Amino acid sequence: MIEELDKAELHVHLEGTLEASELLRMARENDVDVPYTNVEDVDAAYEFSSLQSFLDVFFQGCRVLRRRDDFADLATTYLRRAAADGVTRAEVFFGPQTFLANGVPLEDQLEGLFDGFARAHEETGIDAALVASAQRHRSEDDALAMLEAVMPWADRIVGFGLGSSELGNPPSKFLRYFDAARERGFWTTCHAGEEGPASYVWEALDLCRVDRIDHGVAIASDPTLVDRVVRDQVPLTMCPVSNLRLKVVPDLASHPIRELFDAGALVTVNSDDPTYFGGHVADNYRRLRDDAGFSEAELTQLARNSLTASWT
Ligand code: HPA
Ligand code: ZN
């Protein structure tokens, strides 16, 4: 039933969709040292206590992606899987700064991804769009440089986002970045209120004026902010299994997605980094049904919300 719901996935990091077997293959073919010899080693390493503990492992995995074909394979593998989950539109995050720092030319990164988008579209009909994501542990000047550097591919990029280590890196650090993206006609979105406080969500909305909030778990701690996101129908791209795996919430029954959904917020369900967290988008819907009491009608509404919130 869940796979049959026509849905958009709006919060997924392509780098976070790398299958363990593919990680090992690329490490071997590209001669990159990784601390894993088999899939069991990889699975054992995917135990996280916080966002940062995850990001350290995530950036380590990114090191194996070197060639244009690696990026094409990454995108194709994810999009095929998403299509099987009933995703008809995927707006995928990708962080070029990681791979530029690893010495991979931007052209190989982006042309590879677009090769993968085209291949998956031919095979399954899935519609994919790229959201270039800056990293908040780096400077705002670095974010602006990334935005400039991807401009040759502007017609293939739908929006700009902000991810990585949240605490100590508030959205207000990236005001000029979001202004520059908006002035050039792109949609904008910001990870906020994942581990950070409600004030980061206020900053993202009022100072950075972003179009969507990624995660937004902390919104529920501030009744005025709940009213605000309900009133303005601000899309929230929530990722319940991710939040569970990064210890943002103790269990799914107490995840604020229930409270926000019941309050009338435009909540959507997404996977974030599915191969690291052990759940693709349909698994996230299933967990909400099994562990948070979402009915079939409510899951249908969540899927509808994802199409409403998509940038098409
Ligand atoms: N939060 C912030 N940055 C990220 C995440 C996340 O969940 N996944 C990949 N980059
Ligand atoms: Zn994310």
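What the table shows:
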quantity: Among the candidates THR237, THR268, residue that is over 18 Å from SER295 (Cα atoms), touching a residue at least 60 places away in the same chain (Cβ under 8 Å) and among the β-branched types (Val, Ile, Thr); calculated: THR237
quantity: Where a residue in segment 192-203 is assigned to a loop (DSSP other than H, G, I, E, B) and its partner, wherever it lies, is away from ligand 2 (no atom under 12 Å from the Cβ), with Cβ under 6 Å and at least six apart; calculated: GLY193/TYR200; GLY193/VAL201; GLY193/ALA218; GLY193/ILE219; GLU195/LEU167; GLY196/LEU167; PRO197/ALA218
quantity: Per-region count, segment 1-52, residues β-branched (Val, Ile, Thr) and either loosely packed, with under 13 Cβ neighbours inside 10 Å or within 16 Å of ligand 1 (Cβ to nearest atom) (or both); calculated: 3
quantity: Flag for PRO250 being in contact (Cβ under 8 Å) with a residue 40 or more places away in the chain and either crowded, with 24+ Cβ neighbours inside 10 Å or away from ligand 2 (no atom under 16 Å from the Cβ) (or both); calculated: no
quantity: Failed item, numbered, when LEU65 is tested on (1) within 16 Å of ligand 2 (Cβ to nearest atom); (2) of a type outside the set (Val, Ile, Thr); (3) surrounded by 21 or more Cβ atoms within 10 Å (Cβ to Cβ); (4) not in a helix (DSSP H, G or I); calculated: (1)
quantity: Pairs where the first residue, in segment 214-227, is touching a residue at least 24 places away in the same chain (Cβ under 8 Å) and the second is more than 12 Å from ligand 1 (Cβ to nearest atom) and of a type in the set (D, E, K, R), C-beta under 7 Å, 6+ apart; calculated: ALA220/GLU259
quantity: Residue list for segment 264-280, restricted to those being polar (S, T, N, Q) and either in a strand (DSSP E or B) or more than 10 Å from ligand 2 (Cβ to nearest atom) (or both); calculated: THR268, THR275
quantity: In segment 262-281, residue farthest from GLU3 (Cα to Cα) [restricted to those that are small (Gly, Ala, Ser) and crowded, with 23+ Cβ neighbours inside 10 Å]; calculated: ALA265
quantity: Verdict on GLU259 being in contact (Cβ under 8 Å) with a residue 60 or more places away in the chain and more than 16 Å from ligand 2 (Cβ to nearest atom); calculated: no
quantity: Set VAL34, VAL92, VAL57, VAL42: member being more than 15 Å from ligand 2 (Cβ to nearest atom) and within 22 Å of SER242 (Cβ to Cβ); calculated: VAL42
quantity: Candidates ALA143, ALA134, ALA154 - the one that is part of a strand (DSSP E or B) and either surrounded by fewer than 17 Cβ atoms within 10 Å (Cβ to Cβ) or modelled with pLDDT of 95 or more (or both); calculated: ALA134
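Okay, residues lined up against (1) in contact (Cβ under 8 Å) with a residue 40 or more places away in the chain; (2) basic (Lys, Arg); (3) out of contact with any Leu (no Cβ under 9 Å at 6 or more places or on another chain):
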{"residue": "GLU22", "(1), (2), (3)": "yes, no, no"}
{"residue": "ASP56", "(1), (2), (3)": "no, no, yes"}
{"residue": "VAL64", "(1), (2), (3)": "yes, no, no"}
{"residue": "ARG67", "(1), (2), (3)": "yes, yes, yes"}
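The values are calculated or read from the model by the stated rules, or taken from the named source; none is laboratory data. Worth saying up front: this structure is predicted, and the values here are computed from it rather than measured. Here the Cβ is made from the backbone with ideal geometry for all residues, glycine too, and neighbour counts use every protein chain on show.
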